[in-house]
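Below is one structure, written out as structure tokens; the observations come after it.
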Amino acid sequence: MNDRLAVRKTYKLYVNGAFPRSESGRTYEVTDAKGHFLANAARASRKDARDAVVAARGAFAKWSAATAYNRGQVLYRVAEVMEGRHVQFCEEVAAGEGLSQSRARAAVDAAIDRWVWYAGWTDKLGAVLGGANPVAGPYFDFSLPEPTGVVAVLAPQRSSLLGLVSVLAPVLAGGNTAVVVTSHQRPLPAVTLGEVLATSDVPAGVVNLLTGDAGEIGPWLAEHDDVDAVDLTGAPAARALELERQAAGSIKRVVRPPAEEPDWAADPGLSRLTPFLETKTVWHPMGL
Amino acid sequence: MTDPFQYAPAPESRSIVDIAPSYGLFVDGEFVDGTGESFKTVNPATEEVLSEVASGTAEDVDRAVRAARRAYARVWGPMRPADRGKYLFRIARLLQERAREFAVLESLDNGKPIRESRDVDVPLAAAHFFYHAGWADKLDWAGLGPGPRPLGVAGQVIPWNFPLLMLAWKVAPALATGNTVVLKPAETTPLSALLFAEVCRQADLPPGVVNIVTGAGDTGRAVVEHPDVDKVAFTGSTEVGRSIARAVAGTAKKLTLELGGKAANIVFDDAPIDQAVEGIVQGIFFNQGHVCCAGSRLLVQENVHDEVIASLQRRIGRLRVGDPLDKNTDIGAINSAEQLARIRELTDIGEAEGAQRWQPACELPERGFWFPPTVFTDVSPAHRIARDEVFGPVLSVLTFRTPDEAVAKANNTTYGLSAGIWTEKGSRILKIADQLRAGVVWANTFNKFDPTSPFGGYKQSGYGREGGRHGLTAYLQGADRP
């Protein structure tokens, strides 16, 4: 029998490429579906959220200016490293979501495959969403999609990995940087994803993961003038309306929360890419 | 010495247009009395009252929305797409046939020079209908996902700076995609929309497909907040845009906003200066600067600053300010007393904050609302005239030394609607355009519009696009906004 005592992990935030505790010093107990203790996760504060926005803004210039091919390769690399953590993800998803081993495996498989799917989108968006416009004048006029900027994502509360990947990967594929508030009750796969991101060439600050309560941190992100868009998918139903109103203050792009959490296995189409893309139109002169 | 190059007056006749002493609302294909009080619309160049127009109440808006819903469900929605397109082609042709009439009416009600209403507003409005007419039966090939379907009833609120053109930008894509509309024109410029109602009747457009409810802010609010409106499209100030975004929060309404701007017009030292000066003038004095994408911040490379300013002042000194109906007029009237007060306030602040105001010697008419073309130099990025949208003929001049500095200064704004680049170097155009956070970038030109070319902003200049394939998504269910 193996009687070795396990070395347990401290689950922390992932901000600007590092794994800090919450500056507030707060943690909260995370349990499995049956209520057994799993870990004490960091409970992110307003200050953590603001630090994360600063990190995301700082990372935006470089990430958005990377070539689409480069961004695609970096994102594909994330999937490769996720694959190596497959067993760990399965354990965390199974425990947190109360799934059987086989269903947890299916969710993890789908999450990795979803990440690969989005990795392949980076260098197609320009062709699919852009185009040349036949204006009546001596101009070469073209429109191209560009990233919106810093996106605050309130991740799904139930699907802790597949749901998270389904909302995060499209934000990154478009060239945005992200501040994510993870599932409150099921944050552990997100922290592990942070470890994957930290070791797979995603520049520091491009993804920032905050464990804690979206109801508490969400308003600070929705109101933050340096956040360009909010995805309210995981917003607490009672708070969603107020969050959308707060987001109006700086004309943020808003993805409204679904009536109930969707089936993340379904084909997402472009529905999660386009809300975080702007269209830039350039009139280039033609002449001798 | 008298100027040997005096222009003789060349006024366009206003007899081509009949303005009724009063107008009702256009609902369900009929002009009907509103239940609210009426208001006066004046010619801003003379302060003469042009007509009395009904002010739509919430009750009137409800009537219009019900008419639009009926038309959507029974007629316009089920109609063969090719037939919807044919109606739009008819409208485009009718606008062309009555172009002179529309141009004169627009200049009377808005104060813009006839040269612009005749050569820009009206032809572009017609072109917008012509373009979208062709889309009506080709939406399956627009690359917006399978089987694109309309949203239903669109509530649209438009501004006073391009009354007919903004109507066209809103109504043409909505109708082409199978929606019906309730449109609220601006309080100070309702007349061309009411003449458009007559065009709808001449086109035999089925009743209820287009409804026009005139009024002020309360009428607009009633349109935006009506529970049976599926789509809200707004062009106007960022402040009102915020309140609209708040108002539709928590609903299923799809929203597009085209808001304010503070565009940088960047002149590099290799630019052809004369051409650039024409572009700067066109960028800020077109339509009295009442343009959301106006090039209101001139960023000029330091080593050509003096040359550009001297040339600019010489050119501005030749601009003719006055009667909008005179075909030689370059700058017409400010649209309203309220807007004139705002321009005065911001320019006074500009001076108080330490910028240098320059205005040419120019005689302004005694009656009406007028403001001379104005250039501020010694402007710092912190000055309010460098940050706030003036929406008037007021240019703020800043300088830069390197391309990086130009980009940093250009992007140093909460807005992101448009920008201009002046240089002889094509590769520089593309590099700078790539780095600007703005929805429309003009190179060696400014304030160009085309129905095929998507228009709209980044950041607090709003979201959604108007025009082109991209503009269709604002009016289609589930369509992925490119």
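The values are calculated or read from the model by the stated rules, or taken from the named source; none is laboratory data. It should be emphasised that the depicted structure is a prediction, and the values quoted were computed from it without experimental measurement. Counting neighbours? That spans all protein chains shown, and the Cβs are built from the backbone with ideal geometry, glycine included.
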Inset, instruction - Give segment A:248-272 a look and list any residue that's among the hydrophobic types (A, V, I, L, M, F, W, C), in a loop (DSSP other than H, G, I, E, B) and farther than 17 Å from A:Leu162 by Cβ, or say none. - result: A:Ile251, A:Ala259, A:Leu270
Inset, instruction - Taking B:Leu167 as the residue in question, decide whether it is of a type in the set (A, V, I, L, M, F, W, C), within 23 Å of B:Thr452 (Cα to Cα) and touching a strand residue (DSSP E or B) at 6+ places or on another chain (Cβ under 8 Å). - result: yes
Inset, instruction - Take the residues in segment B:455-482 that are assigned to a loop (DSSP other than H, G, I, E, B) and out of contact with any helix residue (DSSP H, G or I) (no Cβ under 6 Å at 6 or more places or on another chain), then tell me which one is modelled with the lowest pLDDT. - result: B:Gly478
Inset, instruction - Starting from segment B:134-161, take each residue that is within 30 Å of B:Lys112 (Cα to Cα) and touching a residue at least 40 places away in the same chain (Cβ under 8 Å) and list its partners that are in a loop (DSSP other than H, G, I, E, B) and of a type in the set (Asp, Glu), counting only C-beta distances under 9 angstrom and pairs at least six apart or across chains. - result: B:Ala154/B:Asp230; B:Gly155/B:Asp230; B:Trp160/B:Glu187
Legend entry - Of residues in segment A:257-269 being surrounded by fewer than 20 Cβ atoms within 10 Å (Cβ to Cβ) and within 11 Å of chain B (Cβ to nearest Cβ), the one farthest from B:Phe446 (Cα to Cα): A:Ala259
Legend entry - Residue tally, condition assigned to a helix (DSSP H, G or I) and out of contact with any Gly (no Cβ under 6 Å at 6 or more places or on another chain), over segment B:117-165: 24
Inset, instruction - Give B:Glu389, B:Glu405 a once-over and let me know the one that is over 25 Å from B:Ala174 (Cβ atoms) and assigned to a loop (DSSP other than H, G, I, E, B). - result: B:Glu389
Inset, instruction - Could you pull out every one of the helices (runs of 4 or more DSSP H) wholly within segment A:99-180 that has 2 or more residues that are surrounded by fewer than 17 Cβ atoms within 10 Å (Cβ to Cβ) and within 14 Å of chain B (Cβ to nearest Cβ)? - result: A:125-129
Inset, instruction - Pick out the one residue from A:Asp201, A:Asp213 that is over 15 Å from A:Arg77 (Cα atoms) and among the acidic types (Asp, Glu). - result: A:Asp213
Inset, instruction - Please state which of the following conditions B:Tyr7 fails to meet, knowing it meets all the rest: (1) out of contact with any strand residue (DSSP E or B) (no Cβ under 7 Å at 6 or more places or on another chain); (2) modelled with pLDDT of 95 or more; (3) not charged (D, E, K, R). - result: (2)
Legend entry - Residues within segment B:392-412 that are within 18 Å of B:Ala438 (Cα to Cα) and surrounded by 24 or more Cβ atoms within 10 Å (Cβ to Cβ), tallied: 2
Inset, instruction - Search segment B:341-356 for residues being more than 17 Å from B:Ser380 (Cβ to Cβ) and aliphatic (A, V, I, L, M), and hand back the single one that is surrounded by the fewest Cβ atoms within 10 Å (Cβ to Cβ). - result: B:Ala341
Inset, instruction - Could you please find all residues in segment A:224-249 being under 15 Å from A:Asp48 (Cα atoms) and either among the hydrophobic types (A, V, I, L, M, F, W, C) or within 13 Å of chain B (Cβ to nearest Cβ) (or both)? - result: A:Asp226, A:Val227
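Table: residues versus (1) assigned to a loop (DSSP other than H, G, I, E, B); (2) surrounded by fewer than 24 Cβ atoms within 10 Å (Cβ to Cβ); (3) in contact (Cβ under 8 Å) with a residue 12 or more places away in the chain; (4) in contact with a Pro (Cβ under 6 Å, 6 or more places away or on another chain).
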| residue | (1), (2), (3), (4) |
| --- | --- |
| B:Lys262 | yes, no, yes, no |
| B:Asp270 | yes, yes, yes, no |
| B:Gln275 | no, yes, yes, no |
| B:Val281 | no, yes, yes, no |
| B:Phe285 | no, no, yes, yes |
| B:Gly295 | yes, no, yes, no |
| B:Val300 | no, no, yes, no |
| B:Ile309 | no, yes, yes, no |
| B:Pro324 | yes, no, yes, yes |
Inset, instruction - Would you check which residues across segment B:353-386 are out of contact with any Gly (no Cβ under 9 Å at 6 or more places or on another chain) and assigned to a loop (DSSP other than H, G, I, E, B) and list them? - result: B:Glu353, B:Gly354, B:Ala355, B:Gln359, B:Glu366, B:Arg367, B:Pro372, B:Pro381, B:Ala382
Inset, instruction - Give just the number: which of (1) on the phi < 0 side of the Ramachandran plot; (2) small (Gly, Ala, Ser); (3) more than 7 Å from every other protein chain (Cβ to nearest Cβ) does B:Gly464 not satisfy? - result: (1)
Legend entry - In segment B:217-246, the residues that are surrounded by fewer than 19 Cβ atoms within 10 Å (Cβ to Cβ) and in contact with a strand residue (DSSP E or B) (Cβ under 7 Å, 6 or more places away or on another chain): B:Asp228
Inset, instruction - Look at segment B:244-276 and say how many of its residues are within 11 Å of chain A (Cβ to nearest Cβ) and of a type in the set (A, V, I, L, M, F, W, C). - result: 9
Inset, instruction - Please tell me if B:Gly416 is more than 14 Å from every other protein chain (Cβ to nearest Cβ), crowded, with 23+ Cβ neighbours inside 10 Å and either closer than 22 Å to B:Leu259 by Cα or in contact with an Asp or Glu (Cβ under 8 Å, 6 or more places away or on another chain) (or both). - result: no
Inset, instruction - Would you mention how many residues in segment B:32-51 are more than 11 Å from B:Thr214 (Cβ to Cβ) and either assigned to a strand (DSSP E or B) or under 23 Å from the mean Cα position of the chain (by Cα) (or both)? - result: 11
Legend entry - Hits in segment B:169-178 (condition: touching a residue at least 60 places away in the same chain (Cβ under 8 Å) and crowded, with 24+ Cβ neighbours inside 10 Å): B:Trp169, B:Lys170, B:Ala172, B:Pro173, B:Ala174, B:Leu175, B:Ala176, B:Thr177
Legend entry - Checking A:Thr279 against (1) part of a helix (DSSP H, G or I); (2) facing another protein chain (nearest Cβ under 8 Å), the condition it does not meet: (1)
Legend entry - Subset of segment B:175-204 [among the hydrophobic types (A, V, I, L, M, F, W, C), within 23 Å of B:Gly471 (Cβ to Cβ) and within 17 Å of the chain's Cα centre (by Cα)]: B:Leu183, B:Ala186, B:Ala193, B:Phe196
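Yes/no per residue for (1) charged (D, E, K, R); (2) touching a helix residue (DSSP H, G or I) at 6+ places or on another chain (Cβ under 7 Å); (3) within 30 Å of A:His284 (Cβ to Cβ):
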| site | (1), (2), (3) |
| --- | --- |
| A:Arg114 | yes, yes, no |
| A:Glu146 | yes, no, yes |
| A:Val153 | no, yes, no |
| A:Val191 | no, no, no |
Legend entry - The listed residue being within 20 Å of the chain's Cα centre (by Cα), within 14 Å of chain A (Cβ to nearest Cβ) and under 12 Å from B:Val157 (Cα atoms), out of B:Val171, B:Val224: B:Val224
Inset, instruction - Could you check B:Leu319 against (1) part of a helix (DSSP H, G or I); (2) surrounded by fewer than 18 Cβ atoms within 10 Å (Cβ to Cβ) and say which number it fails? - result: (1)
Legend entry - Residue count, segment B:411-454 (criterion: under 19 Å from B:Met166 (Cβ atoms) and in a strand (DSSP E or B)): 2
